[in-house]
Ligand code: HEM
């Protein structure tokens, strides 16, 4: 049967001596090359000196070693689950489903800052809490908070430098004072931030610790009104300072084990308290606290009632990406946020592809 001439016309290959066809092919080639160049740039192949997420994670590995299967920072941790009961006070500030009155399930992870999953608990180790709120209709909210009141540096590049400057000298087991002095001189925000951090004593355990977002975010309500915010989880357990001899405990996991034992006796609770920024408050520098008189709004209560050893499919395999935000919460202009998101993703990708070893923190039995 004869071919339909219109079909064969349509699919006829152009002659390579046809100049217009060659120009079209060249244009396609340019587009393809441009796309490849974009991927190469993002991956850091064109500019190896640029601070990429891979370089940030390489720096953690350089300082703390490679511990297969573990997070490259906050490597030591334990999983928890519970719920968040919203009191509805957040509705005027944000349209996020999580702030409508009611209860949503939450999973989380208590951890210590640092890339060594076998590190011993200590009185000045930075404590942390990652949370994932799961409203029934989707729109998850993830947040990763720490117990210090401000962050130590303003930019990802400064954090990259600080990690190396504070690497313990093998001879003394402490950071080299000369390197720290040089780092501090190059990053003027560091000294004042450390002063603020040192002025607030650490509590005796995870249960009575306040956890802070540090970075600013933006709440957007149904009317489109934007409010700059920072949030904290404020414990209902009363503050008690870390006893001076607690760190001498032979239990290398004394902070985690105390928290696990406490959850086994009954639920732990924190209030989600949001601080409202005012015009002029700094949103792109997590080293600077907002004035103490800013309005605080209590949005509801977090209850943690179960702890479990890290294992397949629980918090071990969650990335508490600070930019996993529901509609109604947006990032601020803080440059740390996108760097965190990119670095957590790189750490997650590496650790998920690796063989796993047991976590140092073991919850007795099947969990408390
Ligand atoms: C540029 C700055 C930062 C970098 C590069 C960085 C990097 C990392 C990395 C690589 C992880 C492990 C992620 C994973 O494998 O899932 C992590 C975990 C964590 N980070 Fe950061 N971080 C930064 C700043 C901060 C700040 C400002 C906070 C506090 C608000 C914070 C709180 C946490 C917490 C709580 C975790 C543990 C979350 C979990 O349990 O999975 N980080 N960080």
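Answer yes or no as to whether residue 275 is buried (at least 18 other Cβ atoms within 10 Å of the Cβ) and out of contact with any strand residue (DSSP E or B) (no Cβ under 7 Å at 6 or more places or on another chain). In short, no. Being over 30 Å from residue 125 (Cα atoms), more than 11 Å from the ligand (Cβ to nearest atom), touching a helix residue (DSSP H, G or I) at 6+ places or on another chain (Cβ under 6 Å) and touching a residue at least 24 places away in the same chain (Cβ under 8 Å), is that true of even one residue in region 72-89? Looking through region 72-89, at least one residue is over 30 Å from residue 125 (Cα atoms), more than 11 Å from the ligand (Cβ to nearest atom), touching a helix residue (DSSP H, G or I) at 6+ places or on another chain (Cβ under 6 Å) and touching a residue at least 24 places away in the same chain (Cβ under 8 Å). Here residue 38 passes the criteria (1) in contact with a strand residue (DSSP E or B) (Cβ under 9 Å, 6 or more places away or on another chain); (2) away from the ligand (no atom under 14 Å from the Cβ) except the one numbered (1).
Contact map, region 240-267: residues that are touching a residue at least 40 places away in the same chain (Cβ under 8 Å) paired with residues that are surrounded by fewer than 16 Cβ atoms within 10 Å (Cβ to Cβ) and not in a loop (DSSP other than H, G, I, E, B), Cβ distance under 6 Å, separation 6+ or inter-chain. Pairs shown: 267/305.
Do you know which residues across region 156-167 are out of contact with any strand residue (DSSP E or B) (no Cβ under 6 Å at 6 or more places or on another chain) and more than 8 Å from the ligand (Cβ to nearest atom)? Let's see the steps before the verdict.
Residues of region 156-167 that are out of contact with any strand residue (DSSP E or B) (no Cβ under 6 Å at 6 or more places or on another chain), as a first pass: 156-165, 167.
Listed by number, the residues that qualify are 157, 158, 161, 162, 163, 164, 165, 167.
Count of region 317-350 residues, restricted to those that are surrounded by fewer than 21 Cβ atoms within 10 Å (Cβ to Cβ) and within 18 Å of residue 117 (Cα to Cα), is 7.
Only residues that are assigned to a strand (DSSP E or B) and either touching a helix residue (DSSP H, G or I) at 6+ places or on another chain (Cβ under 9 Å) or within 16 Å of the ligand (Cβ to nearest atom) (or both) were counted in region 94-113, giving 8. Does region 193-204 include one or more residues that are away from the ligand (no atom under 16 Å from the Cβ) and crowded, with 17+ Cβ neighbours inside 10 Å? Yes; the residues of region 193-204 include at least one that is away from the ligand (no atom under 16 Å from the Cβ) and crowded, with 17+ Cβ neighbours inside 10 Å.
The set of residues in region 125-146 being touching a residue at least 60 places away in the same chain (Cβ under 8 Å) and more than 16 Å from the ligand (Cβ to nearest atom) consists of 135, 139.
The numbers here are math on the coordinates, done by the rules we state, and not lab data. Quick caveat: nothing in here was measured; it's all calculated off a predicted structure. A quick note on method: Cβ atoms are made from the backbone with ideal geometry, for glycine too, and the neighbour counts reach across all protein chains shown.
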